[in-house]
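Here is the structure we will look at.
The values are calculated or read from the model by the stated rules, or taken from the named source; none is laboratory data. Keep in mind the model is a prediction, meaning the values are calculated, not measured. Every residue, glycine as well, gets a Cβ built from its backbone with ideal geometry; the counts of neighbours run over all protein chains shown.
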């Protein structure tokens, strides 16, 4: 049976035990916990945990650069954490009636396509790195999700619910459109490098 020291050595050797990677793991755990709490009726606690977890999306990349801990594993983990946490949060908002199911479908189709493009690129030796526009799309989507998650809580004043809900829905639509645009850019990048 492995002891704590052997597990720590394994994690360090695999490059998993860097501060940015631990933040990516924390984001996955935090958003999962927030989703469970939100569905269990603890909306404000869930929103607080989800917000802190979402901030780590900006912090992990910054720290990776600042601490010189940028790795291919870290970049991949950040992408997986973004996809997983966004899908979970969108699913929660679909279940609670906050957003149309179509938003989740669009997001999942885009993630499937980009994942396929990246995996195919990797099999032929072509790396498709994330672009700044992709990070911007993720940030817009996170903030729109937060807006909708707060505004559909039961104790929100009725006079602000509809207009703010629409702001969140439009923001989410814009974020998804930007995200789909980046998927197109990744596809073009792969095609251009294969010529």
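Odds and ends about this structure:
- The stretch 151-169 - residue that is outside any loop (DSSP other than H, G, I, E, B) and in contact with a helix residue (DSSP H, G or I) (Cβ under 8 Å, 6 or more places away or on another chain) and, of those, farthest from residue 115 (Cα to Cα): 160
- In the stretch 94-119, the residues that are under 30 Å from residue 192 (Cβ atoms) reach residues that are part of a loop (DSSP other than H, G, I, E, B) with C-beta atoms within less than 8 angstrom, at least six apart or across chains, in these pairs: 117/128; 118/128.
- Tallying residues that are surrounded by 12 or more Cβ atoms within 10 Å (Cβ to Cβ), assigned to a loop (DSSP other than H, G, I, E, B) and touching a residue at least 60 places away in the same chain (Cβ under 8 Å) within the stretch 120-141 yields 2.
- Of the helices (runs of 4 or more DSSP H) entirely within the stretch 1-81, those holding at least 3 residues that are at pLDDT 85 or above occupy 19-39, 43-66.
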